[in-house]
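> So that we are looking at the same thing, I have put the structure below in structure tokens.
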Amino acid sequence: MSRPVTDQSRPKRIRQVTFATALWLVALASVSAWAGPYGNSAHGDTVNGVARGDLAPPGPYAVGNCAHCHEQHASMGGVEPAPASGSPSPFALFAPGFESSRRYKPYQTTDVMCFGCHADSSLQVPLGSLLNYDYARAFGGYDSGGPESILEAFNQNPAGPDASYHNLYDVWNHAKRFPYFKDASAPCDACHNPHRARRNREFPQNPEYTALSRPTEHESLWGDAPEERMNAYGGSYQSPLFFGSRMTYEPGGVGEIGADGSKTPDYVSYCNDCHRERIRSNTLMRDMVAIDWKTGGGDSAAAGDKHGSNGFTGSIFMKKPYEKIAVPAGGYVLSCMDCHEAHGSPNAYLVRRSVNGEALGGVFTQDRSGNSWAYLCGRCHQDDYQQGGMTDPNQVNRWRTVHHGGTGSDGSDVPYQTGGGGNCGTCHEQSPGPQPIGCGYCHFHGAYCDSTHPGTLPNGKTIPAPLGGVRRTF
Amino acid sequence: MKRKADSRSALDGLLASLTGCVSLLLVLLAPSAQAAVTGLCSSCHTMHYSQDGGAMPEWGDDGPFESLLTSTCAGCHMGVNDGGAMPFVFSSQPPVYGVSGSGSDSNTLAGGNFYWVAQAGGDTRGHNVYGLMARDQTLSQPPGYTGNRAAADGSVPGAGSWPVGQQVTCAGVYGCHGSHAEQSPAEAVRGGHHQGRGGALVTPDTEPANGFRMLVGIAGYEDADWEFRPTVAAHNQYKGSTGGADNSTISSLCARCHGNFHSAVSAGSPWLRHPVDYDMGSTAPNSEYRSYGGAERNSYRPDIPVASLNVSQPLTRVTFSGDTIVACVSCHRAHGSPNHKMMRWDYAGSIGGGCTACHTSKD
């Protein structure tokens, strides 16, 4: 068939220049190649990555495809333009990032866009297809009980007063001070970059698979580089024991070589992007103390926490692995995750279910007056049972020695010596004999004791200044 | 009868010759009409849809056709591109598309090809054009249709109301090319072939001939060979404009039928829908988008093009100052592609693929 023709010339072949062609070939090659941060991320994994319902194979979209979270036109297949949530959502997500009217748990699947997948394990399709354990299990090895999904972690024991969680409204509200974080952002974005977060639960010993991004460095991972790990934080770090083991350590059961923090992301710098300052807690109905993990200063009111860079006073009686003869000068610096969970916990204050290789002896409660806090302290510090030769079970979770000294030289730096004119009844309830004082009155982040701190307790007993006048007590 | 037929044939020949001469004269007198069709009138037209007493075999059995044409749009524009002077948009054999349809071995053009839509299960791979393939089995109307955006001549696709089940056409009331006020596709693009211009079309008016690819009111720079194996230096330059109100942008053309897709796209981050007619130069100087075309190199990418305010010439580099405007065609092929949702690259079959052309920090 005869075809019309045009008078168009074909000048482009002449205009082409070598460099332009080369640039074009480079650009063309990049269309199909995607091995960058998203491709390496947990969500972008072509096998285990994000996959939304019927969209994933045999549906049209590959596992890890953007469409599993984003609807570029606020619509999806055949029912355009109505998006899944009924109206367009910011960031072209299939659902709003956060339902900010939800101030407290229990959270629903629809409260946070991420919960659409990271839902209760019993609601996941296929069942249990996206298991996310708490830190105690994923990195600490405590594989008994605990949550199996992120939503479950937040919603633990909703009927119990002592279960705690990272209040997502508070997270969302606080994170808005970071430039990248928008009103419409999901609170999860404060700590994670969903386009970069990696599959750390599968590789707990390898921090290159970190799922973290600092709020102040949202566009990069945190913990993947050697300088972003606990051994580089400053001070000496010793990983706690792996659950049930005396020979292996967190994270994930590493050996001695990896127990120096070189396998552990620097959680202190990470968490303190927010917690270095006072933060309002809607759950606690008060401000949370600012964490000072950097300051030394010894026993002064202005000093930092001893679990951080500040050192112990004179001597210290610890359990393995912190009982080493050659305890580093100033002691060890701890990682936040040595004691705390990130999302939620059956204990108060996000305290882990297991610490330093053992489960807590009971629930760590909000109540300051009891000795439940010692369930945590006792995982690393020696109680009277430990110091007494471990012969009298009645001495378990008793803390007289560390406060008042024992035999020999053990009491060289105790804060309150006995036999020097002290009157037990000043501080202790006396029936049937001197009763322990709740740990929570003196031992918490930022705490110190002097003539006015903690002062008079609710039971009317007044704690006097310790020896030396002031003592940092955390 | 034979005599009558002979005289009609002679008259046809005379008319064809005269028309050809007039056309040629017009072409010679109009130096800007570089893209106008030239050649013998009889290449496209027949006075009586008859030659030597009957229809020519190559005309097919469906005529006669409007405007005394010997065929439909597809009749002329069906074939295999080889860089020649005729743009083929529909092929009976699988076109060579490659990764992006813009490679050195591809034989599709800027709009892609309708071939894949015509294949079984191909509804999502392009526009289901009436006469080329059956209607879409899922979508009975253009997704996102609002019917409230008009072409420069005031015409609106479907006159503002798209009948359920109505297929899109090449041109006309339900088409993309020409005026939406004309039922006849040929009438809709009237003058487009004979008076068509090439190169820079910066001031489109109501005439199809003055619009980019006979798209009424749309500006742009027309690549001389419809982007057959385009390069950084030789490609279409699509018109874009920020704010969403400029009806001469290539994306505004799409919005005539897919208006909802363009609602809430100009409010800024966080976007409710993927923005179009938004300049990536409006992002922070250190944003990931500033690495489009390579960090600090910023070459124009014909495979994932961006539009510009100035369409007087094709750009080899972008400067993020009115020349990095996201357009519908940045991601989609207007006619069709081998990919789901007529994407330029295999988006659905990958974790995103070409998205990283702009979302560079993800790569």
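The values are calculated or read from the model by the stated rules, or taken from the named source; none is laboratory data. Computed from a predicted model, the values in this text were never measured in an experiment. Because the Cβ atoms are built from the backbone with ideal geometry, glycine has one as well, and the counts that use them run over all protein chains shown. Side chains included, ligands, DNA and RNA excluded: accessible areas come from the protein's heavy atoms. Shrake-Rupley method; radii C 1.70, N 1.55, O 1.52, S 1.80 Å.
> Please work out how much length the chain gains when fully extended from A:Tyr180 to A:Arg280, using 0.36 nm per residue of separation minus the C-alpha to C-alpha distance, in nm with one decimal.
Full-extension gain reported as 33.9 nm.
> Roughly how compact is the stretch B:86-363, stated as its Cα Rg over 2.2 N^0.38 Å to two decimals?
It is 0.94.
> List the residues, sorted by chain then number, that are 5 or more residues from B:His258 or on another chain and whose placed amide H is less than 5 Å from its amide H.
none
> Relative contact order for chain B using alpha-carbon pairs under 8 Å, separation at least 6, rounded to a whole percent?
This gives 15 percent for chain B.
> Something else now. Principal axis lengths of chain A from Cα atoms, whole Å, largest first?
Rounded to whole Å, the extents work out to 118, 47, 37 Å.
> Enter the accessible area of B:Ser321 (Å², nearest 10), with the probe set to 1.4 Å and all protein chains included.
90
> If you take all C-alpha pairs in the stretch A:79-209, what percent of them are over 19 Å apart?
The answer is 56 percent, as a whole percent.
> According to the square roots a ≥ b ≥ c of the eigenvalues of the Cα gyration tensor, what is the shape class of the stretch B:310-363, taking rounded for a/c under 1.5, prolate for a/b larger than b/c otherwise, and oblate for the remainder?
oblate
> How much of the accessible area of the protein assembly as shown, probe 1.4 Å, is carbon plus sulfur, in whole percent?
Looking at the protein assembly as shown in its full context, I get 56 percent from C and S.
> Let me ask another. Which distance in Å, rounded to a whole number, links the C-alpha centroids of the stretch A:321-389 and the stretch A:442-466?
21
> Please list 3J(HN,Hα) in residue order for the stretch A:205-221, calculated via the Karplus relation 6.51 cos²θ - 1.76 cosθ + 1.60 where θ = phi - 60°; whole Hz, with x for glycine and proline.
Values, residue by residue: 8, 10, x, 5, 9, 4, 9, 9, 9, 5, x, 8, 9, 5, 7, 9, 6 Hz.
> On average, how much accessible surface per residue is there in the stretch B:306-363, in Å², for a 1.4 Å probe, leaving out ligands, DNA and RNA?
That works out to 31 Å² for each residue.
> Quick one: grab Rg to one decimal and Dmax as a whole number for the stretch B:217-285, Cα atoms only, in Å.
Values for the stretch B:217-285 (Cα only, Rg and Dmax): 13.8, 39 Å.
> Pairs of alpha-carbon atoms within less than 8 angstrom and 6+ residues apart define the contacts here; what relative contact order does chain A have, in percent?
Here the relative contact order equals 11 percent.
> Moving to a separate point now. Among the listed pairs A:Lys263/A:Lys324; B:Lys239/B:Lys341; A:Lys176/B:Lys341; A:Lys306/A:Lys461; A:Lys176/A:Lys319; A:Lys105/A:Lys182, which are separated by more than 30 Å between their Cα atoms?
A:Lys176/B:Lys341; A:Lys176/A:Lys319
> What length, rounded to one decimal in nm, is gained on full extension from A:Glu99 through to A:Asp287, with 0.36 nm per residue of separation minus their alpha-carbon distance?
Stretched out fully, the A:Glu99 to A:Asp287 stretch lengthens by 65.4 nm.
> Further question on the same structure: If R0 is 22 Å, what FRET efficiency do you get for A:Thr452 and A:Glu429 from their C-beta distance, rounded to 0.05?
It comes out at approximately 0.55.
> Further, regarding this structure: If you put +1 on each Lys and Arg Cβ and -1 on each Asp and Glu Cβ, how big is the dipole of the protein assembly as shown around its Cα centre, in Debye rounded to 20?
The dipole magnitude comes to about 480 debye.
> Right, something else. Any chance you could give the angle, 0 to 90 degrees and rounded to 10, that helix B:2-29 forms with the longest Cα principal axis of chain B?
The angle comes out at about 40 degrees.
> Then there is this: Can you list the equivalent-ellipsoid semi-axes of the stretch A:146-248, largest first and in whole Å, using the square root of 5 times each Cα gyration tensor eigenvalue?
Equivalent-ellipsoid dimensions as semi-axes: 25, 22, 13 Å.
> Let me ask something else. Quick one: compute the contact order of the stretch A:127-366, relative version, from alpha carbon pairs under 8 angstrom and 6+ residues apart, as a percent.
23
> Could you tell me the total accessible area buried at the A-B interface, probe 1.4 Å, in square angstrom to the nearest hundred?
That pair of chains buries around 5200 Å² in total.
> What whole-number distance in Å separates the alpha-carbon centres of the stretch B:45-86 and the stretch A:230-309?
Taking the Cα centre of the stretch A:230-309 as reference, the centre of the stretch B:45-86 is 80 Å away.
> Now, a different point. Would you mind getting me the FRET efficiency between A:Ala329 and A:Val125? Use the beta-carbon distance for r and R0 = 56 Å, nearest 0.05.
The calculated FRET efficiency here is 0.55.
> At most 16 other Cβ atoms within 10 Å and a DSSP loop assignment: could you name the trypsin sites (Lys or Arg not before Pro) in the stretch B:112-207 that fit?
Of the trypsin sites (Lys or Arg not before Pro), the ones in loops of the stretch B:112-207 whose Cβ has at most 16 other Cβ atoms within 10 Å are B:Arg135.
> Can I ask one more? For the stretch B:37-185, what does the alpha-carbon gyration tensor say about shape, rounded, prolate or oblate, given a ≥ b ≥ c as the root eigenvalues, a/c under 1.5 as rounded, and a/b over b/c as prolate?
It is oblate, given that a/c is not under 1.5 and a/b is not larger than b/c.
> Per residue, how much accessible area does chain A have with a 1.4 Å probe, in Å²?
That works out to 45 Å² per residue.
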